[in-house]
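The values are calculated or read from the model by the stated rules, or taken from the named source; none is laboratory data. All of these numbers come straight from a predicted model, not from anything done at the bench. Here the Cβ positions follow ideal geometry from the backbone for every residue, glycine too, while neighbour counts run over all protein chains shown. Heavy atoms of the whole protein, side chains included, go into the accessibility calculation; ligands, DNA and RNA do not. Shrake-Rupley method; radii C 1.70, N 1.55, O 1.52, S 1.80 Å.
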Amino acid sequence: STRRNLELLETLREKQRRGSLLWVLDKTKTAMGARLMRTLIEQPLVQRDAILERQNAVEELNMSYITREEIREYLNSIYDLERLMGRISYKSANPRDLISFRNSLEMLPHIKRLLKEMNASLLKQFEEDLDPLEDLYTLIESAIVDDPPIVVKEGGMIKEGYHEEADRLRHGKTEGKTWLGELEAEERDKTGIKNLKIKFNKVFGYYF
């Protein structure tokens, strides 16, 4: 009843977000930030030291216009990492999700660098806790093409040169006849069977 009357998340009469406290405060740049802002309003701090610590961080960011705007600019390019990590964990992510993940990770070292310049204890803690995940960024950058298909089954998502076997199979797909001819000749030499052939039917696929 108190939350409703205070119009924390929506107005009392119209049940709209516009006009509520959340509407006034929420200038977040990411979906994760918007969810966090809602949580902070619904579950406000009650310990004096924690409140003062947050106020000091807000004050420093408020006074540091250039740094604050730089951080906002980097945050603006970050996708919903929580949702992306959920898809990756449940193996339902598509190749473009991985590119969104990579593009988001690319921003983290810049944000960490800017936080390192701040003095407020809460911001320093944020900087220490922030793992830029550079190993994951490097892995995706080296493995996935910049403009992959939406569906994994379409193929064409792995970069040339990343994996030798993937390259071999890709070339087999694009240069099929040449590859089959070379394989046929190779197997003839290996087995000594001069009339060995590679054939195809709908039941077995390709076969010797």
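Enumerate the lysines that residue 194 could reach by cross-link, defined here as Cα to Cα under 21 Å, with residues fewer than 8 away along the same chain left out.
Qualifying lysines at Cα under 21 Å: 177.
Beta carbons within 10 angstrom, averaged per residue: use that to sort the peptides 146-152, 17-23, highest first.
17-23, 146-152
Run the simple label-point estimate for residue 1 and residue 130 please: 7 Å along Cα→C-beta, distance reported in nm.
Result for the modelled spin labels: 4.4 nm.
7 Å from Cα along Cα→Cβ at both residue 143 and residue 184: what's the point-to-point distance in nm?
It is 3.6 nm.
When Lys and Arg each count +1 and Asp and Glu each count -1, what net charge do the other residues less than 12 Å away from residue 96, Cβ to Cβ, add up to?
So the surrounding residues net to -2.
Let me make sure I get this right: for the chain, a, b and c are the square roots of the gyration tensor eigenvalues over alpha carbons, sorted descending. Under 1.5 in a/c it's rounded, otherwise prolate if a/b > b/c, else oblate. Which is it?
Judged from the Cα gyration tensor, the chain comes out prolate (a/c at least 1.5, a/b above b/c).
Could you tell me the center-to-center distance, by alpha carbons, between the stretch 1-25 and the stretch 59-103 in angstrom?
28
So who's got an amide H within less than 5 Å of the one on residue 144, skipping anything under 5 residues away but keeping other chains? H placed 1.01 Å off N, in plane.
It is 159, by chain and number.
Assign one of three labels to the stretch 161-208, namely rounded, prolate or oblate, based on the Cα gyration tensor with a ≥ b ≥ c the square roots of its eigenvalues; rounded applies when a/c is under 1.5, prolate when it is not and a/b is larger than b/c, and oblate otherwise.
Cα axes put the stretch 161-208 in the oblate bin.
Rounded to a whole number of µm²/s, how large is the Stokes-Einstein D of the stretch 8-75 at 25 °C and 0.890 mPa s, given Rh as the Kirkwood radius over C-alpha pairs?
Values: Rh = 13.6 Å.
D = 181 µm²/s.
For the pair residue 116 and residue 56, what calculated FRET efficiency results from E = 1/(1 + (r/R0)^6), where r is the Cβ-Cβ distance and R0 = 25 Å, to the nearest 0.05?
Calculated transfer efficiency: 0.90.
Once you place label points 7 Å from the Cα toward the Cβ at residue 202 and residue 24, how far apart are they in nm?
Label-label distance for residue 202 and residue 24, simple model: 7.1 nm.
With a 1.4 Å probe and every protein chain kept in, tell me what percent of the accessible surface of the chain is carbon plus sulfur.
Carbon and sulfur: 54 percent of the exposed surface of the chain.
What relative contact order, as a whole-number percentage, does the chain give when Cα pairs under 8 Å and 6 or more residues apart are counted?
12
If you count only protein heavy atoms with a 1.4 Å probe, what accessible area per residue comes out for the chain, rounded to a whole Å²?
That works out to 73 Å² for each residue.
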